[in-house]
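Each remark here refers to the structure printed beneath this line.
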Amino acid sequence: MASAIKKLSPAIKEIRVLMCQTGQASAGTRQFIQTAYPYLKKHNPDVPVLIREAQGTPARVFARFERGVEKHVELDNLSSADVQSKVTRLLESHSA
């Protein structure tokens, strides 16, 4: 995410990441969070980023935009690079 997104659109009101804390299907998402979260919060301190871990939960990310519009993408069994690509597309999807 460091090279992909610096400052998020003001239309993004919240980012929620759901994943399993131990499951192999969420490994890429966990790795992505470890590398991207500090960078994301540094450049977007006012955007809430919620990370929810629960046993057996499929990996996915939700973005809530202005006017209550919410979109999500599935992240199960993806590498960290693939997760970054999908999250980047999701966060840029409302700008058009």
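The values are calculated or read from the model by the stated rules, or taken from the named source; none is laboratory data. All of these numbers come straight from a predicted model, not from anything done at the bench. Because the Cβ atoms are built from the backbone with ideal geometry, glycine has one as well, and the counts that use them run over all protein chains shown. Side chains are part of the model used for accessible areas, which takes the heavy atoms of the whole protein and leaves out ligands, DNA and RNA. Shrake-Rupley method; radii C 1.70, N 1.55, O 1.52, S 1.80 Å.
Consider segment 45-57 and keep the residues that are open to solvent by 50 Å² or more (accessible area, probe 1.4 Å) and in contact with a Ser or Thr (Cβ under 9 Å, 6 or more places away or on another chain). The one that is farthest from K6 (Cα to Cα) is Q55.
Residues of segment 12-31 that are of a type in the set (S, T, Y) and more than 10 Å from the chain's Cα centre (by Cα): T22, S26.
Please tell me if A59 is of a type in the set (A, V, I, L, M) and out of contact with any helix residue (DSSP H, G or I) (no Cβ under 6 Å at 6 or more places or on another chain). When the stated conditions are applied, A59 does not pass them.
When segment 58-72 is filtered for residues that are open to solvent by 30 Å² or more (accessible area, probe 1.4 Å), in contact (Cβ under 8 Å) with a residue 12 or more places away in the chain and either in contact with an Asp or Glu (Cβ under 7 Å, 6 or more places away or on another chain) or under 16 Å from L18 (Cα atoms) (or both), the ones remaining, listed by number, are P58, R60, F62, R64, K71, H72.
May I ask you to list the residues in segment 28-44 that are surrounded by fewer than 19 Cβ atoms within 10 Å (Cβ to Cβ), of a type outside the set (S, T, N, Q) and either touching a strand residue (DSSP E or B) at 6+ places or on another chain (Cβ under 9 Å) or closer than 14 Å to A81 by Cβ (or both)? Y37, K41 - these are the residues of segment 28-44 that are surrounded by fewer than 19 Cβ atoms within 10 Å (Cβ to Cβ), of a type outside the set (S, T, N, Q) and either touching a strand residue (DSSP E or B) at 6+ places or on another chain (Cβ under 9 Å) or closer than 14 Å to A81 by Cβ (or both).
Listed by first and then second residue, the pairs linking a residue in segment 79-94 that is among the acidic types (D, E) to a residue that is in a helix (DSSP H, G or I) and modelled with pLDDT of 95 or more, with Cβ atoms under 8 Å apart and 6 or more places separating them unless they lie on different chains, are D82/G28.
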